[in-house]
Each structure stands twice: as C-alpha cells, then as structure tokens.
Amino acid sequence: MNKKYRKAVIAGNWKMNMVPSEVKGFVEQLRPLMPKAKTCEVVLCAPYTHITSLRRAMKDSRISVGAEDLSLHDKGAYTGEVSAAMLEDMGTQYVIVGHSERRQYHGETDFMVGEKAAIVLEHGMTPIICVGESLEQRERELTMEYIRYQVLAALSYIPDNKLRQCVIAYEPIWAIGTGKTATAEQAQEVCECIRRVIRERRGARVARSISILYGGSMNAKNAEELLSMPDIDGGLIGGASLKPDDFSKIIAAVAAVTGEESK
Ligand code: PGA
C-alpha cells in the first residue's frame, strides 16, 4: 500500500533505564546526530519520572515525548498510578499501550489495552498500541489469528473519527530484547495482516493512513531492510534507543528508504 498517505514514526522505548539526570546529556549527544531531513516523526518514550527533563532538554527540537504506560483511571485513590490528565499536563504527546512487558508482568488484557488507547485519544495524545505473538504461538502457526484478535479487541474501543490518530506497533515477543529480529518478510506479513484487518472492519481510507511500526531488536544494521517493506512505516526501538549513535542511524534509515537526503 502506498506509504505517501501515512507518516513514518521512529519511537524509542527507554523502558526502565537511565535516571532523570542523565537525560540532558543524552539529548545533547543526540541532537547533532539527528538527520536533517524531516522524513519522519521522532519520539522518545520514557519513564514518567523523566518526562519533564526530556521535554525541557528537547525544547526547540523536532523530537516528541512519550510515556510508556498510563492508568485506566481518571483520578482518585489509586496509589502509584499516573493518569492521562497528568501526562497531558506534562506535555506528553505519545503513550505506549499494551507493551508485551505490561501484558506479561502486569496482567494487562486486550480489553484493557483498548480502553487505555481510548483514554489516550480523549486527552489529545497519540497511543502506540502494541500487539505481538509469543514464540509458541508462532510455532503453532497461530500468529495471524492471534494478532487479528488483538487488533480487533483494541480497535473496538476506538471510534471511527479517532482511528487515524492511532499508531500500531507489531512486536513479536520472541524478538524483543533478544537480538533475534523477525525477518523483513515475517514482519511485513504481519503488518500487512494488521492493515487488512483494519481495512475489512473500518474501511480502506483509514487503513491506508494508519502508521504501523515494527519493534523487536531493530537496530542500525537491520532498520533499512525492515523499513523498506511496504506496510512497515517505522519502528519501536528498545535497546538501540539508549544509544544516540544507533538511534540516529535508525532515523537516517527512514530517509535512505524514502530516497531523501539523510544529512
Ligand atoms: P528491543 O525492544 O528493541 O530492545 O527489542 C523493543 C520494545 O520492546 O519496544
């Protein structure tokens, strides 16, 4: 499908790494390495504690700030939780929802993920909705059915007029943090399936305008091949987003694929 209808997104997911006082130094290293061509939206998703420092450090840059999760609740007696209103007030633009580590360690279900995505949208932020199969599901040839279900469950919470503001990230669990990347063909096959599910349920116009990212051991070396696939519009990057040099090379790979000058 024609990529001109959607934006490329390279989003870092720092997970539980770095401390807030390291943020400024990281951004100072990243800024001069950033490719000049504005071929893609660049996002850094960080722990709640880092968001204010990140916002400050990235002032006047084209990098957006994201969170890694949010509460299902608006406000009230939920000790330790962080609400969408709090994130919005801090200037957060993106929020990852349904990352497999949240699903695995915090029991998040497909329905909770959909609900969270809807809350993010209500607060004017962009959800990055994660889906992905386990190794066992892949080996038992259940990948497509499982992904289809995950996408439909999440989308069932999202009204038509908000759907095109969502970003979907396909992250096979077996590829996350393992150094084992899906091949470009495997990743394309699933991203194409995600777009097909959206087209069947919500129409061709929205399907062609939704950005679908690949995540799972994407790095400076394999980014270009993955990003050149027709249904992969960007990446959700864990480990490599903690290294300014590697992260900037992945951003440059978007420009290389679209044929724009990278520096
Ligand atoms: P990874 O993580 O790039 O370190 O595999 C990706 C993610 O979990 O979003």
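The values are calculated or read from the model by the stated rules, or taken from the named source; none is laboratory data. Keep in mind it's a predicted model, so treat the numbers as computed, not measured. Quick reminder, even Gly has a Cβ in these numbers, built from the backbone with ideal geometry, and neighbours come from all protein chains shown. Keep in mind that these areas ignore ligands, DNA and RNA; they rest on the heavy atoms of the full protein, side chains included. Shrake-Rupley method; radii C 1.70, N 1.55, O 1.52, S 1.80 Å.
Looking at the range 84-101, which of its residues are within 21 Å of residue 154 (Cα to Cα) and β-branched (Val, Ile, Thr)?
Listed by number, the residues that qualify are 95, 96, 97.
May I ask you to say which residue of 209, 217 is hydroxyl-bearing (Ser, Thr, Tyr), away from the ligand (no atom under 16 Å from the Cβ), over 20 Å from residue 29 (Cα atoms) and in contact with a helix residue (DSSP H, G or I) (Cβ under 6 Å, 6 or more places away or on another chain)?
On the way: 217 fails: away from the ligand (no atom under 16 Å from the Cβ).
Every option except 209 fails the conditions.
Residue 52 versus (1) open to solvent by 30 Å² or more (accessible area, probe 1.4 Å); (2) closer than 21 Å to residue 240 by Cβ; (3) part of a helix (DSSP H, G or I): which is the lone unmet condition?
(2)
Restricting attention to the range 220-263, and to residues there that are among the polar types (S, T, N, Q) and at pLDDT 95 or above, which single residue is farthest from residue 189 (Cα to Cα)? Spell out how you get there, then give the answer.
Restricting attention to the range 220-263, the residues satisfying the condition of being among the polar types (S, T, N, Q) are 222, 228, 241, 248, 258, 262.
Restricting the remaining residues to those that are at pLDDT 95 or above gives 222, 228, 241, 248.
Details: 222: 17, 228: 13, 241: 25, 248: 27 Å.
My answer is 248.
Condition (residue is part of a helix (DSSP H, G or I) and away from the ligand (no atom under 15 Å from the Cβ)) applied to the range 228-241: is it met by at least one residue? It would help to see each step written out before you state the result.
Going residue by residue through the range 228-241, those that are part of a helix (DSSP H, G or I) are 239-241.
Checking the rest, the ones that are also away from the ligand (no atom under 15 Å from the Cβ) come to none.
No: the range 228-241 contains no residue that is part of a helix (DSSP H, G or I) and away from the ligand (no atom under 15 Å from the Cβ).
Of these, 82, 113, 120, which one is closer than 23 Å to residue 164 by Cβ, among the hydrophobic types (A, V, I, L, M, F, W, C) and touching a Leu at 6+ places or on another chain (Cβ under 7 Å)? Before you say what the answer is, go through the steps one by one.
Working: 82 fails: closer than 23 Å to residue 164 by Cβ; 113 fails: touching a Leu at 6+ places or on another chain (Cβ under 7 Å).
None of the others qualify; the one that does is 120.
Would the range 56-73 turn up any residue that is at pLDDT 95 or above, surrounded by fewer than 21 Cβ atoms within 10 Å (Cβ to Cβ) and touching a Ser or Thr at 6+ places or on another chain (Cβ under 8 Å)?
Yes, the range 56-73 has at least one match.
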